[in-house]
Structures are given as C-alpha cells and as structure tokens.
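What follows draws every value from the coordinates through simple rules; no lab data is involved. Just so it is clear, the model here is predicted, and its values are computed rather than measured. With ideal geometry, Cβ positions are generated from the backbone for all residues, glycine too; neighbour counts draw on all protein chains shown.
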Amino acid sequence: MLIGEVARRSGVSARMLRHYESLGLLRPSGRTGSGYREYSGEDIRRIFHIESLRSLGLSLREIGRALDDPGFMPSALVDDLIRQTRERIAAETDLLTRLCRIDAAEPAGWEDVLQVVAVLQALGSKSPAARQRAALSAGDEVPVEALVEAVLRETEPNVAGALRWALARSGADGTALLAKGLDSPVAAVRERAVRCLAELAGDEPTAHLRDALAHPDAVVRGHAALALGTRGVADAIPVLVDMIVDGRNDTDAADALSVLASDTATADRIADGLVSRLGTGTRPGTPTGAGAGAGAGAAQRLHEVGRPAGHSTRGTTEAPARVRLTQSLADIPGNTASRALIELSQDADRAVAVTATYLLRLRDAQ
C-alpha cells in the first residue's frame, strides 16, 4: 500500500508519516520498482499503535521506547501521565473559573476586566494583608462566587471577618453557595459557611440556618442556633440547651436563651427545657397534678443527686453541666424558672444549691 492510500485510510497525513520515518519510529517494509514507499499490513498496525499511544499523551520518543524496548514497563510512565493530566485539568479549571468570574462581572471594557483580574489575584494572594485589603476594597465588580470561594477557604480570622463583611455588604445572593459549604467534608469549611450565613440578613439565610439545626456537625448546629436566637427563632432552644449541657459556647447560648425569653410562653418553654436536662423523676413531696402549675411540673423533672436507694432517676447529667444549667435560669423570667430555682436551692449537690440560692436572692432584689 502506497503512502497516499495509507494516509487516507489511517487519517495520518503523508507529511506526518514521513516525520515518523525520519525519527526511526516507522519504516516502510518495502519500495516499489519506482522507489515509492510501500507499507505492509504490519506497518499499518504499527501506525495505529503509534496514534493510540499519542492519544494518551506520550511523546514520540516515549512511543518509540514503548514499541521497541521489551523491558520498558508502562506503570511508571502511566502514573506520570496521570499526574500531568490532573495538573493540566486543575490549571484549565482554574482558568475557566476566572473567566466565568470575569464574565459574571459584566465588564464594559478592558479596564474593567483588568480591575476584576487584579482583585481576584489579590484574593488568592499568599499575603493575608493583601487578601484583607482586597476584601475591604471589593466593590460591585467582584462576583459573589469569588467572595464565597474566598471566605470558605480563608484560614486567617481577620481576613475571614473582612470577607464576611464584604459578602454581606455586596447585597448579592451568595446564600445558596454558602449552604452548599455546609455539606463540605472539611469541618473548617462547614464552620466558615455557617458563620457567614449567620451574618447575612433575610429569609433565605434564616431558612438555611433553621435547616442547620439538624446538621450532624455540632459546631454547625451551635453557630446556627446562636444566630437564630438573636433573630428570635424559638426553634433554636433545644440546640442552645444542648450547648449549655456540653459546655460549648455555653455563655453565648445562655445569652441567646435570655433574648428568646421575651414572652411568658417562650420563657416557660426555655425554663422547662433547662430543667428537663437537669434530670427526671419525682422528688417525694413535690406537688403533682394540674393544680401544681407549670412551674411545679418543671421542678418535678430535676435530677436528684444523692437520692436514697429505691428512687429511680433517668437522663443523668454530670455535676458541672447541672451548675451551668442552673446558672442559665438566671435571666429567664417567669414562675417556671423561679419555682425551679426554689427546688434547686434544696438540691443535694451543694454547688447547684448555692448557685440557685444566690440567683433567688438576685431575683428577690429586682
């Protein structure tokens, strides 16, 4: 088969076939009487082998070794090709992302394009100071996607705070992107996402924070509950009580509960939730029944440390947590909290009893 026909059938140009021959990669098996190259079936199979290896990214030199060196092993070369391909994909993905960010900014001219590029480069700088300056100076030309990406990867607290401020100030809707950050496999990214959502106003961020109350990550639940507490969302009460029990930002959690206790019904609900975590069971002589009132009902659920044998207790809470729960009743108004403190002032745990007695004196002095 002559070179022209080989080129037509293989899709490899005659010029490239001659180049392969000049490199010693391909040698026609024969010549015609007129001196034209003549390729055998084995030559054509070698051409297809060469093209197949080229499609994997091998250089012509590497292809020659692969085809002619019996001892040449592909494993190391393939691993290297995988690494190079991943690096190339990452670089191309980064370029595509930057182009999309520039397109989202809707630049009117090349000056606008250059300004966006400068800000994006500054946001990705290795210098925390440069990143912070970029965040503080970010204007409408910076796409919200770039700000969200920057805030989710930022490790410096000051820079992260500036980025959250820039995102909140931009007025652009990055809520959905931040909500996706809550599902990140990296705990630090999840925390950054929820903290940023906590600083965004509006119904959509609040809705995502409500959903975060059931998140498997306790840190995410905690930040969501603290933010919702300041917004008056009573759904946060159980998580805030859990935080007090666990000793995680318990002071902030208690403050949030005091903010939520703005009406009698919610105050009683909070007091009931705090008391229920102190323990369960009925102390002998504690009033029961409808006539005992809501406060007495809550007091019946107090944990009884040192209770005599034969009196069962469930949901035991450790002593430090019981003190924190008692302290959290301080700023909860209403009869339920007052009656619980009266009961706790007689608690077998001296730290709890002393704390409750002190809080009762403060309430009487008000």
* Asked: Between Val113 and Leu99, what is the label-to-label distance in nm when each label sits 7 Å out along the Cα-to-Cβ direction?
  -> 1.2 nm
* Can you give the extra length, in nm with one decimal, that the chain gains between Ala214 and Ala130 once fully stretched, where that is 0.36 nm per residue apart less the Cα-Cα distance? -> 26.5 nm
* Asked: Among Tyr39, Tyr358, Tyr20, which comes first, second and so on when ranked by fewest other beta-carbon atoms within 10 Å?
  -> Tyr358, Tyr20, Tyr39
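How much length would be gained if the chain were fully extended between Arg231 and Thr251, taking 0.36 nm per residue of separation minus their Cα-Cα distance, in nm to one decimal?
Gain on extension, Arg231 to Thr251, equals 5.5 nm.
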* Subtracting the Cα-Cα distance from 0.36 nm times the residue separation, let me have the gained length for Thr155 to Phe48 in nm, one decimal. => 33.4 nm
* Structure fact -> So, with points 7 Å from each Cα along the Cβ direction, the Ala201-Arg18 label distance in nm works out to 7.5 nm
* Asked: For the Cα atoms of the chain, what angle does the longest principal axis make with the long axis of helix 218-230, in degrees from 0 to 90, nearest 10?
  -> 60 degrees
* Structure fact -> Ranking Ile237, Leu362, Gly11 by how far each Cα lies towards the positive end of the charge dipole of the chain (+1 on Lys and Arg Cβ, -1 on Asp and Glu Cβ), the top one is Gly11
* Separation of the Thr357 and Asp79 label points, Cα + 7 Å toward Cβ, nm -> 7.2 nm
* **Option label - mean projected area of the Cα convex hull in nm² computed here, alternatives (1) 17.5; (2) 30.9; (3) 33.3** => (3)
* Asked: What angle do you read, to the nearest 10 degrees and between 0 and 90, between the alpha-carbon axis of helix 41-55 and the longest principal axis of the chain?
  -> 30 degrees
* Compute the acute angle (0 to 90°) between the alpha-carbon long axis of helix 237-246 and the principal axis of greatest extent of the alpha-carbon atoms of the chain; round to the nearest 10°. => 90 degrees
* Asked: Dipole size in debye (nearest 20) for the chain around its Cα centre, Lys and Arg Cβ +1, Asp and Glu Cβ -1?
  -> 860 debye
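Evaluate E = 1/(1 + (r/R0)^6) for Asp173 and Ser40, where r is the Cβ-Cβ distance and R0 equals 51 Å; express this FRET efficiency to the nearest 0.05.
0.15
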* To do: Mind putting a number on the dipole of the range 3-72 about its Cα centre? Charges go on the C-beta only, +1 for Lys and Arg and -1 for Asp and Glu, and I need it in Debye to the nearest 20.
  => 220 debye
* **Test item: Cα-centred dipole of the range 102-143, Lys/Arg +1 and Asp/Glu -1 on Cβ, debye** => 440 debye
